[in-house]
Structure formats: structure tokens, C-alpha cells
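Colleague: I have a structure I would like to understand better, so I am pasting it below and will then ask my questions one at a time.
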């Protein structure tokens, strides 16, 4: 959980206080899939989607410079993703595509760097994270590390695809939890101020992930679009395990009622309502 009193860098402290609420919790909406996957469902009309998301006031929007330039609500903090890849080439190999200077010129409150632990390109990504971490310390801008267990897998037909360890996540949550914990510890050791990672599937295994972050806030990714109630249960369990919030993209922007899902998630994260109550709220029985 975030404790601003433990942050010596005044610039980082000020910017983090804009992203997190007074209890150290946040809801971030990433729209960086716009570059990664192209004009996909939910964000094909990116201007309209941003307007819809702005209405529900998330704690921050994470994206690349093109999308961030479309955000008109200046009260919403921006997080510039500095690293990128697309699904059309080597998706696991994140390379530096922007700079802290660009983030400052956009008025961003933080930057993000993505690393994939176990990838054959891991060493390059670690080098990038370390470099950006030092630069962030120098200028007082927070660093969000997106740290996933993700490598490469060669199919029998010779096509290389992402290895996301989805089978292990289902069959052996403890081993998957250890892998995610390692990702989080790497991010902590290289100076991340916020760590985004995968939920491990259970409260017990994710508690260890949060512990691996030491005193840094951990937010969970949403992953592929799932049933609304499943989403609420995942977020509720992650918060019970000690997560500081979420950074959920596809499960927000891939719905026509993105503003409504954000409002329900905010109730769950900031007011500790249950997944069941969140679903009731979502179904309009007592929406407010």
C-alpha cells in the first residue's frame, strides 16, 4: 500500500498524490492496446471512448502520446507508456519509443515501462527499466513498471507465440504465484514506484505477490474480457490480498457502458463494497 510519507522525492510525492486517493488506492484505465493491437473493438473510435471514460473520472489514464493528447479533462492524471511492441511482430519484446521529456511536455504525472520476465529479450527490457528509473529519480516523476511473466513459445508449425503461463496459472497457482512474485520483486529492485502485474487467481497466492513489492503499491491487470461478475470477484479478492487498485483496459473499454463499469469498480475499490453488491449496482437496481 502506498505511503507518501516514505517517499523522499518531493516531485514523486506530489504526482503520486494525484494518482492515488488519501487511502493509497487507485483505478487506472490503460488505453495502450490502441498501439499494441490496432483499432480493435472498443477503441476503434478512440475519441468517443475517451470522452466516455473521462465522465467517470478514473484516477489516471495510461496510454501512448497520441491517445493522451486526446484527453481533454485536465483533472485526470496521465501516464505515458514509454515502451511498446505490436502483435504483428515480436510482442514480447518491448522497446523504448518515447522519453521522460515527452511525458513532461504532455503534462503526464507518471511514466510506464513494460518488462516481460522469462522472455529471451528480458535483459534488454531490464536495462531499459533501470535506465528510466534513474531518469525518473532525477526529475521527480513516478515510474510504473508493468511486470509480467511472459516469454516465447514455438508451436509445432514453427510459429512463435506468447508464453503467458496460462496453463500453470490454472493447474498450479502456487508456482504461478512464485513467478509473478519474482516479476514484482524485479520491478521493486529496479526502482518502480507503482507495479502493475497479473492476478494469480487466489487471495493467498496474491498476498505473497504484494509482499514481494515490499512497500510499493501493486495494481492488477484485467486481462482478456471476462464476465462482469468474474471481474468484480477478481478485483475484490485482489484488494483483500493487499492490492492498491487496478489498471484495467479491455474489461473497461471493450464494453459499451465503460463509464458504468468504472463507477462500479470505484465503489468496489474505494468504498469496499462486495462483488455481489457491485453486480447489483451494475444491473441498475440501486445505481447512484
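Colleague: Using r as the Cβ-Cβ distance of residue 70 and residue 204, and R0 as 35 Å, what FRET efficiency do you calculate, to the nearest 0.05?
Modeller: With a Förster radius of 35 Å, E is 0.30.
Colleague: Taking the number of other C-beta atoms within 10 Å as the exposure measure, put 210, 219 in order starting with the fewest.
Modeller: Details: 210 21, 219 24.
Listed from fewest to most nearby Cβ atoms, that is 210, 219.
Colleague: Something else now. What spacing in nm lies between the two simple spin-label points modelled at residue 101 and residue 88, each 7 Å away from Cα in the Cβ direction?
Modeller: Output for this residue pair reads 2.8 nm.
Colleague: Starting from 0.36 nm per residue, how many nanometres of slack lie between residue 171 and residue 47 once their C-alpha separation is accounted for?
Modeller: Full extension from residue 171 to residue 47 adds 40.6 nm.
Colleague: Now for a different question. With Kirkwood's inverse mean 1/r over C-alpha pairs for Rh, give me the Rg to Rh ratio of the chain, two decimals please.
Modeller: Computed over Cα atoms, the ratio is 0.94.
Colleague: Still on this structure, I have one more. Take the Cα of residue 283, step 7 Å along the line toward its Cβ, and report every residue of the range 204-235 whose backbone nitrogen sits under 20 Å from that point.
Modeller: From the range 204-235, the list is 226-235.
Colleague: On to the next question. Which whole-number percentage describes the relative contact order of the chain, with Cα contacts under 8 Å and a sequence gap of 6 or more?
Modeller: In percent, rounded to a whole number, it is 18.
Colleague: Next question. Run the helix sum for the chain: -39,500 (n - 2.57) per DSSP H stretch of 4+ residues, divided by residue count, reported at 222 nm to the nearest 500 deg cm²/dmol.
Modeller: On the way: 13 runs with 125 residues, N = 288.
So the helix-based figure for the chain works out to -12500 deg cm²/dmol.
Colleague: So between residue 127 and residue 211, what do we pick up on full extension, going 0.36 nm a residue minus the alpha carbon distance?
Modeller: Going from the current span to full extension adds 27.8 nm.
Colleague: Now, a different point. Quote to one decimal, in nm, the extra length available between residue 8 and residue 120 on full extension: 0.36 nm per residue of separation minus the C-alpha distance between them.
Modeller: 36.8 nm
Colleague: With 10 angstrom as the radius, rank 1, 125 by how many other C-beta atoms surround their C-beta, starting from the fewest.
Modeller: Going from sparsest to densest Cβ surroundings: 1, 125.
Colleague: Treat the count of other C-beta atoms within 10 Å as a stand-in for reagent exposure and order 143, 35, 2 from fewest to most.
Modeller: Fewest-to-most ranking of 143, 35, 2: 35, 2, 143.
Colleague: Would you mind telling me which residue in 94, 49, 102 has the biggest mean-square fluctuation in a Gaussian network model of the chain, where springs connect alpha carbons within a distance under 10 angstrom?
Modeller: Maximum fluctuation in the GNM of the chain, among the listed residues, is at 102.
Taken together, the values in this text are just the output of simple stated rules run on the coordinates, not laboratory data. These numbers were taken from a predicted model, which means no experiment stands behind them. Heads up, the Cβs are rebuilt from the backbone with ideal geometry, glycines too, and the neighbour counts pull from every protein chain shown.
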